[in-house]
1. Among 349, 127, 244, which one moves the most in a GNM of the chain with springs linking Cα atoms closer than 10 Å?
2. Set the Förster distance to 25 Å, then compute FRET efficiency between residue 24 and residue 276 from the Cβ-Cβ distance, nearest 0.05.
3. In a GNM of the chain with a 10 Å cut-off on Cα contacts, which of 326, 389, 405 has the highest mean-square fluctuation?
4. Taking 0.36 nm per residue of separation and subtracting the Cα-Cα distance, what length does fully extending residue 251 through residue 216 add?
5. Within straight cross-link reach of residue 203, meaning Cα distance under 16 Å, which aspartates and glutamates are found once same-chain residues fewer than 8 apart are removed?
6. For the chain, modelled as a Gaussian network with Cα springs under 10 Å, which listed residue fluctuates most, 416, 357, 295?
7. Roughly what would the spin-label model give for residue 4 and residue 189, points 7 Å off Cα along C-beta, in nm?
8. Given the protein chains as shown and a 1.4 Å probe, how many square angstrom of residue 387 are accessible, to the nearest 10?
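The values are calculated or read from the model by the stated rules, or taken from the named source; none is laboratory data. Here the structure is a predicted model, which means the values were calculated and not measured. Backbone-built Cβ (ideal geometry, glycine too); neighbour counts: all protein chains shown. Quick note on the areas: whole protein, heavy atoms, side chains included, nothing else; ligands and nucleic acids left out. Shrake-Rupley method; radii C 1.70, N 1.55, O 1.52, S 1.80 Å.
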Amino acid sequence: MYWEKEIETLDRSGLEALQLERLKITLNQVKHSIYYDRVFKDLNINADGVKTLADVEHLPMTTKDDLRDHWPYGFLAVSKDELIRMHSSSGTTGRATVIFHTANDIEQWTNIVARSMYMTGMRKNDVFQNMMTYGLFTGGLGFHYGAEKIGALTIPAGAGNSKRQIQLMQDFETTTIHVIPSYALHLMSVFEEVAVDPRKDTKLCRAFIGAEPHSEKMRKKLEDFYGFKAFNSYGLSEMCGPGVAFECPSQNGLHIWEDNFLVEIIDPETLKPLPDGEEGELVLTTLVRDGMPILRYRTKDLTRIIPGPCECGRTHRRIERIKGRTDDMMILKGVNIFPIQIERKLMGVPGVGNNFLIILERAEFTDLMVIKVEVQREYFMGDLRQLETLRRRIVEELKSDILITPKVDLVEPDSLPKSEGKAKRVIDNRKD
Ligand code: AMP
Ligand code: ZN
């Protein structure tokens, strides 16, 4: 039942000793990057000064902005010819943050993905259909390599093309899928359309769902319809991608692989560490990465450590499903979008007024982004075709940047609510 019994069930003191040893190696490795070399010098940090895990508190935190500001190679801790792969976070076609991997980094990542999948019961006789986007996004190749490592027949279906997905499931007797929960929800309507009952007409028994927040109610809805067990998969490109934390058969929190990551939960205001059980921001340090090690990365994801042991016998602590974010990042259909991206695009279109509002809706089977945009008054006078031309242009501009197609409503100046102080740009009406 374990992929690596010894490491998965290592007692706390053994795990912490391993973490400390790996943290020390990591600290000596990060010094090779231009970024940390400078930060260590500026803050007078001595890598050899770290004697216990608690000393991590004195190390600098790292944010997405730091990664962006030192794009593309500022965080590289090896020479470029050691690298074999690049990935980036989902979203924006603009300058996304990029992560580089050496052969060893890919091997480590593949191993924790395999470990995660194996933990849920997946074996070499399973047929795995990966319904995630392949490419820069980590959900495609990350899972692909993990599944092959287990030895399962892997179908790199990629995202979309729903009827074909269903056909593949039937033709090749897929048992396990990896899918974004909102897409799994959407696919339910396609199953109904083609009159295929996943419970009777497919061999599906397991799904990995992740890349975006979802509730317990959503999981139940999917499990009821498909007849599979759905396991929550959490990860982020900055740490590797999927495989960072994963649900075990108890489906009660996600084991975070502490031999690969040092875990902290901090108060996002004071940045002080919080004890197990209290909700705060998840902060992670890579422990086995050579190419681009990252210290104390502020994920901006809100969760808490679930205190106490798990009945599955694994000792790596569990985090609760992600509650939300400390920043304004939205995740729609698995794509990360910041309101500032929308603002930048809108402000570049002549005719657009001063205010806009983003409303996220969940129709029965799909997520929708509605953007209400104030435009100059003259567009509402005379020939209304101009208004439609402007609307189409805005949709095209946005689509090229945020990768999803929003519904754009143009409204008259001063018709949207004005907020005092910091503008409230997003209303999220998505319920389960
Ligand atoms: P990316 O860098 O594109 O891999 O996006 C990573 C972000 O996606 C995380 O920081 C989370 O905000 C979100 N995310 C990934 N997996 C999950 C999950 N299982 N539940 C909730 N949010 C998730
Ligand atoms: Zn467990």
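1. 349
2. It comes to 0.55.
3. In the Gaussian network model the winner is 389.
4. Values: separation 35, 0.36 × 35 = 12.60 nm, distance 1.01 nm.
Roughly 11.6 nm would be gained on extension.
5. 126, 171, 173, 223, 224
6. 416
7. Computed distance between label sites residue 4 and residue 189 equals 4.3 nm.
8. About 30 Å², rounded to the nearest 10.
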